[in-house]
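Trainee: Sharing a structure below in structure tokens format, with a few things to ask.
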Amino acid sequence: MLTFRFAERKDCGLILDFIRRLAEYEKISDQLVATEELLEHWIFDLRKAEVIFPCIDGKEVGFALFFHNFSTLLGRAGIYLEDLFILPEYRGRGCGRAMMKKLAQIAAERGCGRLEWWCLDWNKPSIDFYLSLGAEPMSDWTTYRIAGDTLTELAKE
């Protein structure tokens, strides 16, 4: 039976393990600098993100990390899904669809105007999955990022 639970402070190691597995899948492990301490501080002390686990028979089989963003056009918050990961051996069993449904329920319960996320262009299995949910790619927008030394230098100007 599939259930869901929100992460607790004691789950930082589990959250980091899922993040590592996702980074391996996405071929970006070299970019991972998160630690249990950083996750505890930002998720539980500062409350900047939330994590929910899908569980089968009490075992966490994946995770979703999300936070609120804001749409000025809608005049309300939305949910931004930063990461969604299901263990490979549990894929194809409806866990991902159930997780997205749960996130949609949370967004609706909170009065949010939308649920959105990014997906790597090469990740065809995920793209196909998202399209099957009725998600629409935002092809008219380009994502920009300032990070690392560039962010530090800009902040010093």
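Trainee: Just one of L120, L65 is among the hydrophobic types (A, V, I, L, M, F, W, C), touching a residue at least 24 places away in the same chain (Cβ under 8 Å), out of contact with any Gly (no Cβ under 6 Å at 6 or more places or on another chain) and surrounded by fewer than 13 Cβ atoms within 10 Å (Cβ to Cβ); which is it?
Mentor: The conditions single out L120.
Trainee: So which residues in region 70-81 are closer than 23 Å to P54 by Cβ and either exposed (fewer than 13 other Cβ atoms within 10 Å of the Cβ) or small (G, A, S) (or both), if there are any at all?
Mentor: G78, the sole residue that qualifies.
Trainee: Further, regarding this structure: Just to be sure before I move on: is L73 in contact (Cβ under 8 Å) with a residue 60 or more places away in the chain, aliphatic (A, V, I, L, M) and closer than 26 Å to T143 by Cα in the structure I sent?
Mentor: So L73 fails the test.
Trainee: A further question on this structure: Just one of L84, L103 is at pLDDT 95 or above, surrounded by 15 or more Cβ atoms within 10 Å (Cβ to Cβ), under 19 Å from A135 (Cα atoms) and in contact with a helix residue (DSSP H, G or I) (Cβ under 7 Å, 6 or more places away or on another chain); which is it?
Mentor: After applying the criteria, what remains is L84.
Trainee: Right, here's the next one. Identify all residues within region 111-123 that are modelled with pLDDT under 95 and charged (D, E, K, R); write none if there are none.
Mentor: D121
Trainee: Kindly establish whether P54 is touching a residue at least 40 places away in the same chain (Cβ under 8 Å) and not hydrophobic (A, V, I, L, M, F, W, C).
Mentor: Yes: the conditions hold for P54.
Trainee: Still on this structure: Out of A64, A77, A34, report the one residue that is closer than 18 Å to C119 by Cβ and aliphatic (A, V, I, L, M).
Mentor: Testing whether each residue is closer than 18 Å to C119 by Cβ and aliphatic (A, V, I, L, M) leaves just A64.
Trainee: Can I ask one more? Could you list, in sequence order, all residues of region 19-57 that are loosely packed, with under 15 Cβ neighbours inside 10 Å, in contact with a helix residue (DSSP H, G or I) (Cβ under 6 Å, 6 or more places away or on another chain) and either under 18 Å from I86 (Cβ atoms) or polar (S, T, N, Q) (or both)?
Mentor: Selection gives S29 alone.
Trainee: Taking region 97-132, which residues are of a type outside the set (S, T, Y) and over 18 Å from F66 (Cα atoms)?
Mentor: Matches in region 97-132: D121, W122, N123, K124, P125, I127, D128, F129, L131.
Trainee: Ok, one more. Take region 46-60 and flag every residue that is farther than 18 Å from A107 by Cα and touching a Lys or Arg at 6+ places or on another chain (Cβ under 9 Å).
Mentor: C55, I56, E60
Trainee: Another question about this same structure. If you take just the helices (runs of 4 or more DSSP H) that sit entirely in region 1-118, which of them hold at least 2 residues that are under 23 Å from Y144 (Cα atoms)?
Mentor: Once the helices (runs of 4 or more DSSP H) in region 1-118 are filtered for at least 2 residues that are under 23 Å from Y144 (Cα atoms), what remains is 12-25.
The values are calculated or read from the model by the stated rules, or taken from the named source; none is laboratory data. No experiment lies behind these values; they were computed from the predicted model shown. Cβ: placed from backbone, ideal geometry, glycine included. Neighbour counts: every protein chain shown.
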